[in-house]
Amino acid sequence: MSHDFLLKDLNPPQTEAVTAAAGPIMILAGAGSGKTRVLTRRLAWLLAKQGVLPNEILAVTFTNKAAKEMRERITQLINMDPETSRRLWIGTFHGMSARILRQNAEKIGFNPDFMILDASDQERTIRKIAEEIEFNNVYWTPKRLATTFSRWKDGGLGPEDITEEHVRFSQDVTRISQIFSMYQGVLLKTNCMDFGDLLVHCLRLWRQYPEILDRYRMSFRHILVDEYQDTNKVQYDWMRALASHHGNLCVVGDDDQSIYSWRGARLENILNFEKDFPNTKIVRLEQNYRSTGNILKAASQLIDHNHGRMGKTLWTDGPSGPKLIRYVAEDGEDEARFVATEIVRNLGSGGSFSQAAILVRASHQTRILEEALNRQRIPYQVVGGLRFVERAEIKDAVAYLRLAHSQLDNLAFERIINTPKRKLGDKALATIESCARETGDSLFVGAKTVIAENRLGKATLAPLADFVVLIEKAAAELDAGLLPGEVMEHLLDESGYRVFLNAGDRGDEKNENLTELIAFLRQETDVTGFLERVSLDADLTHESKVLTDHVVLSTLHAAKGLEFPLVFLVGMEEGLLPHKLALKDDPTGLEEERRLTYVGMTRAKERLYLSHAKRRFTYDRHESTQPSRFLGELPEDVMELKGLRVGTHAGIGGFHSRGRFPRR
């Protein structure tokens, strides 16, 4: 491959980033600056020009979709054969950690085929523990506990580290720490890990067995990390541990798009990179290939008000484009009506509705917007709907396969033992649980003991015995090398689950989803790998029946990474954007809200609307609002005002009226 080909179509800073010598490199990639192209070209450069072997590169992304696209692009760029491509370590932090742990699980007390719990499994496990110790707290619900434990793990905290400063009410610390400890004990006993455990246990493995860490350090000569601004503490520790031998760490990120502190992301990871990795080479990608000049001028002036940033200014050699529209609405209904009308005006005659997006700060804002879109008969889709693998029928089917794969999986047993109904009431299930506790075995083994010792009545024993035979037969099929898709099909047919679905609501649709799952599974040969991806993947397949021509209605957080010719950023008011919770926080909270607004603005390619209402209906009455202070931080020369006269509604940072502005 020629040198020119790898650097084709790159601007000078992009070329500098791709061809940079070994050592720590931080690529500050502004919105729309070609980040993905630079990252894939650098990987290809290392492979084709620097003689680095595929298995000597570790590339970490935040989604499996991004990892798949990166692998495909590199494969095409340097014409890599599929076998060689599989030697590349490209994946998410969690996926890479799971792969490492499966190679060394016995060292820390797990079997290599450990299960990875999803959020619902975490909650169910915690709920059982809370019931067992009779902990019933209105604030500390199982869902809140699961979320809290995950955040603690993201920060590198275990049960022994929890103090009064980590809980809302100091009197709860002993009880919450106890539940956390019991939860970790249950996971170890049942050979399970949750998402947070994957990195925590990986770090624990390396600390306890430094020779294992050294093996991976020596193996990975180059480490590349995408979306670095979104990394949390444990991800940072994981990455730094691997890079500490050679220092060949290349991180790509944008401090101005760090918007996930509530998920544990630490802006200081990017701000302190030079201090943590001396002699860092910094490359700024500032040329934007997405948005018009006016949009970039406004976004750049807004974000320049933040103090916690590395500093860069986006620019484009493209046209200035139309001015940004600031619309002042009478109320929320007027704002929603204006948005719908403008979508029809811009796209209604021959345009595609998929070119437009409406972005909100909080999900409760979508209701009034959905009503306005429905009135105008505008098709729309709310980003963040139920994912394929989160549907009940898919989770049930996967639970059957999980239990066949591992009879230690108590959560899978609990999910499907009475799905469909098997005449096993609370008394029968309590007998199984009691038997399992007596012997220290799993619920499945407890069920076998109940059958062997004839502890239930004949009417209950018969369906329980059929269930045990079903699972043991499927387990034998897996051991014999039968494909997971075929085993799944047998399980669903012989258990009566498909017939059970047909008797309920939307049976045909649910069975179609199962057929889609089985079709996907027929391409799989490794059941452990499949079950891991069910837990780690955002989605296994494309959503079925997704609208092809629809307006996207999304929160600002969910819109990161997307782009649209036409964007409406609605509800730009104090208390909404910036959010009222951020206003109570220290200045870092306000700066993150400004970054969130910046992210929303830079989703727009051609036209950007910023709207706010004079008043909104809250609870049982209309309340006056104040325009977002962020509006006052935008350059007036790129703005066009529409709607009500701004005048007395300028508020904090608002535009002051210079006369009458035209109504729509």
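Assorted remarks:
- Per residue, the average separation of C-alpha pairs within less than 8 Å and at least 6 apart gives region 1-139 a relative contact order of 17 percent.
- Extension gain from residue 271 to residue 617, taking 0.36 nm per residue of separation minus the Cα-Cα distance: 120.5 nm
- Relative contact order, percent, region 172-248 [alpha-carbon distance under 8 Å, six or more residues apart]: 32 percent
- Maximal additional length on extending the residue 81-residue 106 stretch stands at 5.6 nm, based on 0.36 nm per residue less the C-alpha distance.
- Computed on the chain, with alpha-carbon pairs under 8 angstrom and 6+ residues apart, the relative contact order is 17 percent.
- Seen against the Cα atoms of the chain and their longest principal axis, helix 426-439 is set at about 80 degrees.
- Solvent exposure of region 147-257 as accessible area per residue, Å², 1.4 Å probe: 38 Å²
- Anisotropy class of region 262-409 from Cα gyration tensor, a/c 1.5 cut: oblate
- Sorted largest first, extent of region 217-324 alpha carbons per principal axis (Å): 53, 29, 20
- Inter-label distance, nm, simple model (7 Å from Cα along the C-beta direction), residue 141/residue 626: 3.2 nm
- Between the residues 315, 248, 291, the greatest Cα displacement towards the positive end of the dipole of region 222-370, with unit charges on the Cβ of Lys, Arg, Asp and Glu, is found for 248.
- Counting only DSSP beta bridges with both residues in the chain, the antiparallel share comes to about 10 percent.
- Helix axis angle, 366-375 relative to the chain longest principal axis, alpha carbon, degrees: 70 degrees
- A simple rule links phi to the HN-Hα coupling: the Karplus curve 6.51 cos²θ - 1.76 cosθ + 1.60 with θ = phi - 60°, which for region 555-566 gives 6, 4, 4, 6, 7, 4, x, 9, 8, 8, x, 10 Hz, with x for Gly and Pro.
- Region 269-329: C-alpha gyration tensor shape, a/c 1.5 cut-off, then a/b vs b/c: oblate
- In range of the label at residue 69: residues from region 77-92 whose backbone nitrogen is under 15 Å from the point 7 Å along Cα→Cβ: 91-92
- Bridging of residue 605 to lysines at a Cα separation below 30 Å is possible for 8, 35, 65, 68, 297, 312, 323, 545, 560, 580, 614, 642, once same-chain residues fewer than 8 apart are set aside.
- Helix 64-77 axis, angle to the chain major axis (alpha carbon atoms, nearest 10°): 70 degrees
- Modelled FRET efficiency - R0 60 Å, residue 166 with residue 349, Cβ distances, 0.05 increments: 0.55
- The gain in end-to-end length when the residue 282 to residue 244 segment is fully stretched comes to 11.8 nm, 0.36 nm per residue minus the alpha carbon separation.
- Here the chain has 49 percent of its accessible surface on carbon and sulfur atoms, given a 1.4 Å probe and all protein chains in place.
- Residue 466 versus residue 392: modelled label distance in nm, points set 7 Å from Cα along the beta carbon direction: 2.2 nm
- Reciprocal of mean inverse Cα separation for the chain (Kirkwood radius, Å): 27.7 Å
- Pairs of Lys in region 385-542 closer than 21 Å at Cα, counting only those 8 or more apart or on different chains: 13
- Student exercise, the chain dipole from Lys, Arg, Asp, Glu Cβ charges, in Debye to nearest 20: 1500 debye
- Modelled FRET efficiency - R0 30 Å, residue 562 with residue 4, Cβ distances, 0.05 increments: 0.40
- Under 5 Å, built H, 5+ apart or other chain: amide partners of residue 59: 89, 90, 91, 224
- Between the beta carbons of residue 476 and residue 181, assuming R0 = 22 Å, the FRET efficiency works out to 0.05 to the nearest 0.05.
- Derived scalar couplings between HN and Hα for region 114-121 equal 3, 8, 10, 7, 8, 4, 5, 5 Hz in order, rounded to whole Hz, by the Karplus curve 6.51 cos²θ - 1.76 cosθ + 1.60 (θ = phi - 60°), x for Gly and Pro.
- The calculated 222 nm mean residue ellipticity attributable to helices in the chain amounts to -14000 deg cm²/dmol, summing -39500 (n - 2.57) over DSSP H runs of n ≥ 4 and dividing by all residues.
- Packing-based ranking of 191-197, 267-273, 92-98, 167-173 yields 92-98, 191-197, 267-273, 167-173, ordered from highest to lowest mean Cβ neighbour count within 10 Å.
The values are calculated or read from the model by the stated rules, or taken from the named source; none is laboratory data. All values derive from a computational prediction rather than experimental measurement. For neighbour counting, all protein chains shown are included, and Cβ atoms are generated from backbone atoms with ideal geometry for every residue, glycine included. The area values use the complete protein model at the heavy-atom level, side chains included, leaving out ligands, DNA and RNA. Shrake-Rupley method; radii C 1.70, N 1.55, O 1.52, S 1.80 Å.
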